Amino acid sequence: MEQGHLPPSGSEPPNGRSWHEQAGWRNDFPIDWAQDHYVQRREFVKFLCLTSLGFAVGQLCLLGSSWLRQETRPDRKEIARLDQLNIGQVVSFRYPTERHPCLLVRLGPDEIVAYSQLCTHLSCPVVPQLEQQRFFCPCHHGAFDLHDGRPILGPPRRPLPRVELQVEGGVIYAVGVRASTT
């Protein structure tokens, strides 16, 4: 070992040899390996506080965006005339904006449903399969029930957002979107 370079006090070399048998670079950069991996309580508490603060800010952002979505009520939009829609017929439309594709299906004489066409797994477009009574997502072979939009097959865990409908004077209107969480 060169003069003027002393090993860290109270430490052992990392490879078990004495300090005099160590390579030259170890003498130039003496690291106390036991102390290097030691995390002080103050550093750990600081890490926990900053992480908790990050989670709290993230939750507040989610809460704020959810609140803003609830406050903005989309406009009423005419979709189709009831007398021109046969049982089993599907009509595609966009609601509440042009970026949101939706599907309207007439299931029976008095039963019509409308859902977002975007799969809740990765937003692939779903395709109606009336014979199997489902909406099918070809991207990951997911499926949703045609009557209530709940997932019945594949990776989707959340139901399709349901478009709220209103029938007045034989005209079907979209009046809102209800995003179900279960």
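To keep it simple, each residue is scored yes or no on (1) over 27 Å from the mean Cα position of the chain (by Cα); (2) open to solvent by 40 Å² or more (accessible area, probe 1.4 Å); (3) over 17 Å from PRO161 (Cβ atoms); (4) at pLDDT 95 or above.
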| site | (1), (2), (3), (4) |
| --- | --- |
| SER66 | no, yes, no, no |
| GLN70 | no, yes, no, no |
| GLN84 | yes, yes, yes, no |
| GLN89 | yes, yes, yes, yes |
| ARG94 | no, yes, no, yes |
| THR97 | no, yes, no, no |
| PRO101 | no, no, no, yes |
| LEU104 | no, no, no, yes |
Return the pairs, sorted by first residue and then second, in which the second residue is in a loop (DSSP other than H, G, I, E, B) and of a type in the set (Ser, Thr, Tyr), the first residue lies in region 139-157 and is within 13 Å of LEU118 (Cα to Cα), the beta carbons are less than 6 Å apart, and the residues are 6+ apart or on different chains. PRO156/THR120
Between ALA80, ALA114, which is closer than 28 Å to PRO155 by Cβ and open to solvent by less than 30 Å² (accessible area, probe 1.4 Å)? ALA114
Within region 151-182, residues surrounded by 13 or more Cβ atoms within 10 Å (Cβ to Cβ) and assigned to a loop (DSSP other than H, G, I, E, B) come out as GLY154, PRO155, PRO156, ARG158, PRO159, LEU160, PRO161, ALA179, SER180
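Looking at region 136-150, is at least one residue part of a strand (DSSP E or B), small (Gly, Ala, Ser) and either out of contact with any strand residue (DSSP E or B) (no Cβ under 8 Å at 6 or more places or on another chain) or open to solvent by less than 40 Å² (accessible area, probe 1.4 Å) (or both)?
Yes, some residue in region 136-150 is part of a strand (DSSP E or B), small (Gly, Ala, Ser) and either out of contact with any strand residue (DSSP E or B) (no Cβ under 8 Å at 6 or more places or on another chain) or open to solvent by less than 40 Å² (accessible area, probe 1.4 Å) (or both).
Do the conditions hold for GLN129, that is, is it within 20 Å of GLU78 (Cα to Cα) and among the polar types (S, T, N, Q)? Lay out the reasoning, then the answer.
Numbers: within 20 Å of GLU78 (Cα to Cα): no; among the polar types (S, T, N, Q): yes.
For GLN129, the condition - within 20 Å of GLU78 (Cα to Cα) and among the polar types (S, T, N, Q) - is not met.
Looking only at region 37-49, decide whether some residue is at pLDDT 70 or above, within 30 Å of VAL175 (Cα to Cα), surrounded by 10 or more Cβ atoms within 10 Å (Cβ to Cβ) and within 30 Å of the chain's Cα centre (by Cα). Lay out the reasoning, then the answer.
Taking region 37-49 first, the residues at pLDDT 70 or above are 39-49.
Imposing the further condition that a residue be within 30 Å of VAL175 (Cα to Cα) reduces the set to none.
There is no residue in region 37-49 that is at pLDDT 70 or above, within 30 Å of VAL175 (Cα to Cα), surrounded by 10 or more Cβ atoms within 10 Å (Cβ to Cβ) and within 30 Å of the chain's Cα centre (by Cα).
The values are calculated or read from the model by the stated rules, or taken from the named source; none is laboratory data. Please read all numbers here as calculations on a predicted model, not as lab measurements. Using ideal geometry, Cβ is built from the backbone for each residue, glycine included, and neighbour counts are taken over all protein chains shown. Each accessible area value is taken on the protein alone, full model and side chains, heavy atoms only, with ligands, DNA and RNA left out. Shrake-Rupley method; radii C 1.70, N 1.55, O 1.52, S 1.80 Å.
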